[in-house]
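First the structure, in the form of structure tokens, and then the observations on it.
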Amino acid sequence: MKTALSRLIALFCLFIFLNAFSTNPISKSLTDKPKEALPCFVEFNDGTVKQFSTLELVTGIFKTPHLLADGQIVIKADEIKAYQDKAHYAISQKTFTDIKSSKVAIEALPGFAIRIAQGSLNVYSLKFYNGHNATEKLFIQTNDKMQIVACTPELLKEIIKDNADATAFLKGNDKKTADIKKLLETVDIYNNSSLISKN
């Protein structure tokens, strides 16, 4: 378990390092700017993007979850459609799903999905409360400009069908997928193969 986790962390770090030299935009609104220049930013509903030195998720009893930029600027969830803090990129679920959004912040602002894999194939994790339990739903996007849609085993198989390594890995273990872990490893293989084939 520790070995697999170490490998996943190492692959993730390698991917971030390689991605820093990519010419792909971080967001549709952010073109021609290297990722290092944008450690923290928010994309407002009107499409404007503002950079900050720090961006912190603020939660607590009797507090409406919000972002605190540069230690003093309050940014509310309904004012923005995406943000990048030091930990992750998050996007508003309003842009891709009609699942009722939770009022509770789970790793991100309520109603925001975190990008957990990035490359030719992006994967987003949306966590919300379904009654008393936290539920996670995964969404997939074939590149930054395509629509974000619910991830299903059938859709993933269709997307990766031309990538022999990713397809073999996905088929390799017939157990009903150690779901998220296997999906992320499959996506990682797919993204790394796509990155190599572009060079």
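Just so it is clear, none of the values below were taken in a lab; they were calculated from the coordinates. Here the structure is a predicted model, which means the values were calculated and not measured. Neighbour counts run over all protein chains shown; Cβ positions are idealised from the backbone, glycine included.
Were the residues from Met146 through Lys86 laid out at 0.36 nm apart, the gain over their Cα-Cα distance would be 19.1 nm.
Close amide H contacts of Leu55 (hydrogens built in the peptide plane, cut-off under 5 Å, sequence separation of 5 or more or a different chain): Asp70, Lys86.
Any of Lys127/Lys182; Lys50/Lys103; Lys94/Lys137; Lys86/Lys157 with alpha carbons more than 23 Å apart? Name them for me. Among Lys127/Lys182; Lys50/Lys103; Lys94/Lys137; Lys86/Lys157, the Cα-Cα distance tops 23 Å for Lys50/Lys103; Lys86/Lys157.
Provide Leu68, Leu126, Leu55 in ascending order of the number of other Cβ atoms located within 10 Å of each residue's Cβ, fewest first.
In order of increasing Cβ crowding within 10 Å: Leu68, Leu55, Leu126.
In this calculation the C-beta distance from Asp165 to Tyr129 is compared with R0 = 45 Å, giving a FRET efficiency of 0.75.
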